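Encoded as structure tokens, the structure appears first; notes follow it.
The values are calculated or read from the model by the stated rules, or taken from the named source; none is laboratory data. Bear in mind the structure is a predicted one, so any value in this text is a computation, not a measurement. Every residue, glycine as well, gets a Cβ built from its backbone with ideal geometry; the counts of neighbours run over all protein chains shown. In case anyone asks, the SASA skips ligands and DNA or RNA and just uses the protein heavy atoms, side chains included. Shrake-Rupley method; radii C 1.70, N 1.55, O 1.52, S 1.80 Å.
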Amino acid sequence: MSLPRRPPTLLAAPLLALALLLAGCSSGAAPEKAPVGVPGQGAAGPQSDAASALRSSAGPTPAPSPAEIPDLGPETLARIPAEARQAFVVTGEEADSYRSSAVLYSRADPAQGWELVAGPWPAHNGMEGWTDYHVAGDRRSPTGVYSLTDAGGRLPDPGALLPYDEHPRFAVDGEGFFGEPLEGSFDYVVAINYNRKEGVSPLNRTRPLGLERGGGIWIHVDHDGPTQGCVSVPEERMEELLRTLDPAMNPVIVMGDAETLRR
């Protein structure tokens with residue numbers, strides 16, 4: 001547990017400019033004027049025949065691709081389950097850095113792509129950065145894509161959609177790596193499903209990969225310093241996250257340093 005953690009050359013030929021418009025490349029252009037002439041047909045003019053010829057030769061205009069999450073490479077994107085419709089993306093500055101930023105995305109339907117919901121928020125991760133192979137005590141956060149199914153904390157449920165376990169065992173004291181107080185860090189937590197059993201309190205210590213692979217990796221309240229391996233965000237952001245993550249949308253966390261996430 002994280003103890004005491006986005007100008008083409010101007011085209012002189014009007015036919016080419018029209019072809020670009022028909023292909024959907026001018027998404028930011030102003031709306032076209034309503035056509036004049038016979039209802040249901042385009043306006044007559046010197047370009048009408050040329051436009052018809054272009055449409056015939058080019059075939060139907062392809063539908064736009066669904067929006068992807070920025071700065072994620074193909075390997076990372078492939079790990080996001082098809083059924084996931086919320087993604088909390090935590091991007092570390094460097095492989096050995098404990099500073100990160102966090103952004104929440106959602107999609108109404110996988111065919112429609114991802115939309116920004118909240119962020120970026122400042123965040124912290126493990127003191128020693130990130131790792132593809134987390135082990136107990138390495139002070140690094142595990143990279144990867146993990147589901148989010150369970151929450152809890154010392155404080156009463158702020159309106160979480162995930163199952164919430166309020167328990168005094170979430171209390172923590174002591175100091176962090178830079179002498180910052182840890183009190184209140186676990187007032188709100190969301191369990192990251194790395195080496196844990198899903199569907200139980202974050203306090204559950206079942207470790208399917210074995211104790212040597214660590215565990216208790218959470219999203220929790222930031223204490224102004226690095227963590228033992230968790231991800232931390234400011235308290236008001238934790239409350240917002242708890243009220244937004246919806247089990248019906250199969251939320252996941254996508255986490256790692258920027259270079260790793262671009263794979």
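Look through segment 202-216, keep the residues that are small (G, A, S) and surrounded by 18 or more Cβ atoms within 10 Å (Cβ to Cβ), and return whichever of them is nearest to M238 (Cα to Cα). That would be G216.
Contact annotation: residue pairs with Cβ atoms under 9 Å, 6 or more positions apart or on different chains, pairing a residue in segment 172-189 that is on the phi > 0 side of the Ramachandran plot with a partner that is outside any loop (DSSP other than H, G, I, E, B) and open to solvent by less than 20 Å² (accessible area, probe 1.4 Å), are G184/V221.
Can you say whether D96 is among the acidic types (D, E), out of contact with any Cys (no Cβ under 7 Å at 6 or more places or on another chain) and open to solvent by less than 80 Å² (accessible area, probe 1.4 Å), as far as the supplied structure shows? No, not satisfied.
When we screen I192, I219 for residues that are closer than 24 Å to W114 by Cα, open to solvent by less than 20 Å² (accessible area, probe 1.4 Å) and in contact with a helix residue (DSSP H, G or I) (Cβ under 8 Å, 6 or more places away or on another chain), the only hit is I219.
Restricting G73, G113, G129 to those that are of a type outside the set (S, T, Y) and under 19 Å from H220 (Cα atoms) reduces the list to G129. Applying the condition of being touching a Leu at 6+ places or on another chain (Cβ under 7 Å) and within 18 Å of W121 (Cβ to Cβ) to segment 173-189 and asking which residue is surrounded by the most Cβ atoms within 10 Å (Cβ to Cβ) yields Y188. Criterion first (under 27 Å from E94 (Cβ atoms) and among the basic types (K, R)) does R213 satisfy it? Taking the combined requirement at face value, the residue satisfies it.
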